[in-house]
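Notes to accompany the following structure.
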Amino acid sequence: MIFFGSKGKTISGQLVEGVQCPNCENTEFITFGIMRYFHLYWIPTLITSKVVGLECTHCKRTLIDKEVPAELSQKIKSTVFTKKKTIPMFSGLILIGLLVLFGVYSSK
């Protein structure tokens with residue numbers, strides 16, 4: 001029985017202009033982030049990586065991680081990986097922690 005592993009979740013972002021698509025020369029992109037995490041019994045426990053990407057709205061060409069300009073990558077990370085979008089994924093871990101603390105407290 002497998003009770004641990006890793007998965008990824010795509011988090012959608014917003015529309016960005018100013019970067020030129022290498023495929024069709026369009027300047028509108030949709031931002032997104034991919035968060036990889038380690039899980040125990042399918043409950044997310046640790047974030048292993050956060051990667052940002054851009055998708056052209058015209059030709060659907062995707063630029064991921066190193067293909068995205070560095071200054072734009074930092075800007076996208078700050079808008080896509082907010083606490084509001086990432087903490088609800090780990091609510092199961094918080095509940096397990098509270099149950100363990102309750103068990104320790106009640107045993108004393």
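The residue that is farthest from Lys9 (Cα to Cα), counting only those in the range 91-107 that are open to solvent by less than 80 Å² (accessible area, probe 1.4 Å) and among the aliphatic types (A, V, I, L, M), is Val104.
Would you be able to say whether some residue in the range 72-85 is β-branched (Val, Ile, Thr), open to solvent by less than 50 Å² (accessible area, probe 1.4 Å), touching a residue at least 40 places away in the same chain (Cβ under 8 Å) and closer than 21 Å to Glu17 by Cβ? So far as the range 72-85 goes, yes, one or more of its residues are β-branched (Val, Ile, Thr), open to solvent by less than 50 Å² (accessible area, probe 1.4 Å), touching a residue at least 40 places away in the same chain (Cβ under 8 Å) and closer than 21 Å to Glu17 by Cβ.
Of the listed requirements (1) out of contact with any Cys (no Cβ under 9 Å at 6 or more places or on another chain); (2) outside any strand (DSSP E or B); (3) in contact (Cβ under 8 Å) with a residue 24 or more places away in the chain, Val52 misses just one: (2).
Taking Gly33, is it on the phi < 0 side of the Ramachandran plot, assigned to a strand (DSSP E or B) and either out of contact with any Leu (no Cβ under 9 Å at 6 or more places or on another chain) or open to solvent by 30 Å² or more (accessible area, probe 1.4 Å) (or both)? Taking the combined requirement at face value, the residue satisfies it. Going through (1) open to solvent by less than 90 Å² (accessible area, probe 1.4 Å); (2) modelled with pLDDT of 90 or more one by one, His58 falls short only on (1).
Residue-level check: of (1) open to solvent by less than 50 Å² (accessible area, probe 1.4 Å); (2) within 15 Å of Ser6 (Cα to Cα); (3) of a type in the set (A, V, I, L, M); (4) in a strand (DSSP E or B), Leu46 misses just (1). With respect to the conditions (1) at pLDDT 90 or above; (2) open to solvent by 30 Å² or more (accessible area, probe 1.4 Å); (3) outside any loop (DSSP other than H, G, I, E, B), Pro88 falls short on a single one, namely (1). For Cys59, the conditions (1) farther than 30 Å from Ile2 by Cβ; (2) in contact with a Pro (Cβ under 6 Å, 6 or more places away or on another chain) are fulfilled apart from (2).
Anything in the range 1-23 that is in a strand (DSSP E or B) and either in contact with a Lys or Arg (Cβ under 6 Å, 6 or more places away or on another chain) or of a type outside the set (Lys, Arg) (or both)? List them, or say none. Please lay out each step first, then the result.
So in the range 1-23, the residues in a strand (DSSP E or B) come out as 4-17.
If the condition is that a residue be in a strand (DSSP E or B) and either in contact with a Lys or Arg (Cβ under 6 Å, 6 or more places away or on another chain) or of a type outside the set (Lys, Arg) (or both), then Phe4, Gly5, Ser6, Gly8, Thr10, Ile11, Ser12, Gly13, Gln14, Leu15, Val16, Glu17 are the ones that fit.
Scanning the range 47-105 for residues that are more than 13 Å from Ile30 (Cα to Cα) and in contact with a helix residue (DSSP H, G or I) (Cβ under 6 Å, 6 or more places away or on another chain) turns up just one, Val51.
The values are calculated or read from the model by the stated rules, or taken from the named source; none is laboratory data. This one's a predicted model, so the numbers in the text were calculated from it and none came from an experiment. Neighbour counts run over all protein chains shown; Cβ positions are idealised from the backbone, glycine included. The area values use the complete protein model at the heavy-atom level, side chains included, leaving out ligands, DNA and RNA. Shrake-Rupley method; radii C 1.70, N 1.55, O 1.52, S 1.80 Å.
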